[in-house]
1. So, of the residues in the range 106-144 that are in contact with a Phe, Trp or Tyr (Cβ under 8 Å, 6 or more places away or on another chain) and β-branched (Val, Ile, Thr), which turns out to be modelled with the lowest pLDDT?
2. What about VAL25, is it farther than 25 Å from GLU124 by Cβ, assigned to a loop (DSSP other than H, G, I, E, B), at pLDDT below 90 and over 12 Å from the mean Cα position of the chain (by Cα)?
3. LEU181: modelled with pLDDT under 90 and part of a strand (DSSP E or B), yes or no?
4. Between residues in the range 103-121 that are within 13 Å of TYR136 (Cβ to Cβ) and surrounded by fewer than 21 Cβ atoms within 10 Å (Cβ to Cβ) and residues that are aromatic (Phe, Trp, Tyr) and at pLDDT 95 or above, which pairs lie under 7 Å by C-beta distance while being six or more apart or on different chains?
5. Report, by residue number, each residue of the range 96-138 that is under 18 Å from the mean Cα position of the chain (by Cα) and polar (S, T, N, Q).
6. Among the candidates LEU134, LEU79, LEU98, LEU129, single out the residue that is in contact with a Ser or Thr (Cβ under 7 Å, 6 or more places away or on another chain) and of a type in the set (A, V, I, L, M, F, W, C).
7. I need the full set of residues from the range 145-157 which are surrounded by 15 or more Cβ atoms within 10 Å (Cβ to Cβ), in contact with a Phe, Trp or Tyr (Cβ under 9 Å, 6 or more places away or on another chain) and either outside any strand (DSSP E or B) or not polar (S, T, N, Q) (or both), in order please.
Amino acid sequence: MNQIPHKIIYWIPAILLAGILFSCVNDLDTIQRVTYDPNAPDEVTENVEVYYSDSGYARVKIFAKIAETHNHPERITKLKDYLKVQFYSEKGEIISELEANYGEVNFETGLMVVRDSVILRNLEKGRYLETEELFYNQTDSTVYTDKFVIIKKKNNSVIGRGVGIRTSHFFNAGQVAGHILKPIGKLDFSEE
């Protein structure tokens, strides 16, 4: 009968155990290559509210259902699944509101762009603007677009339409009538 020498029988489990122990090394470079996504946000926040103030008074409030902040190559926060921006007067009253389904804030340029079902409302006048893309420059408080815009009263009657607009974030009447870049048809601001 062929028998395996006893020395070999004792070495087989030792070799298997050593193989198991040395094969279970976590290589951090390998783990990072498998799990790292360069397009993933650095921070994700749900139901975020941000206030911008001047001399202790609120000037702008931003609410977003989801905010994703990316720090590289530029510091940009993407606002998703609905956002609302409220603009306050010097007395602390909300004068106008901006709503959209998506937005991006570039903290280096001070520029916010909102897209998808954009509505800018002047709450005092009961007037609102609808478009698909709008820019808000935080430096000079201007709001503008080169896309098609339609301006309505709160009863949904159309008072103006055109391509492009440049106005203040308060969306005042004189600014609206004179700042539609390419008006289409008649503008009716007679009741204001």
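1. Going through the qualifying residues, I end up with THR142.
2. Numbers: farther than 25 Å from GLU124 by Cβ: yes; assigned to a loop (DSSP other than H, G, I, E, B): yes; at pLDDT below 90: yes; over 12 Å from the mean Cα position of the chain (by Cα): yes.
Yes.
3. Details: modelled with pLDDT under 90: yes; part of a strand (DSSP E or B): yes.
In short, yes.
4. As it stands, the answer is LEU111/PHE135; VAL113/PHE135; ARG115/TYR102, since those pairs meet every condition given.
5. Residues of the range 96-138 that are under 18 Å from the mean Cα position of the chain (by Cα), as a first pass: 97-120, 131-138.
Of everything in the range 96-138, those that are under 18 Å from the mean Cα position of the chain (by Cα) and polar (S, T, N, Q) turn out to be ASN101, ASN106, THR109, SER117, THR131, ASN137, GLN138.
6. Details: LEU79 fails: in contact with a Ser or Thr (Cβ under 7 Å, 6 or more places away or on another chain); LEU98 fails: in contact with a Ser or Thr (Cβ under 7 Å, 6 or more places away or on another chain); LEU129 fails: in contact with a Ser or Thr (Cβ under 7 Å, 6 or more places away or on another chain).
Testing whether each residue is in contact with a Ser or Thr (Cβ under 7 Å, 6 or more places away or on another chain) and of a type in the set (A, V, I, L, M, F, W, C) leaves just LEU134.
7. ILE151, LYS152, LYS153
The values are calculated or read from the model by the stated rules, or taken from the named source; none is laboratory data. Please read these numbers as outputs of a predicted model, since none were measured by experiment. Cβ atoms come from the backbone with ideal geometry, glycine included; neighbour counts cover every protein chain shown.
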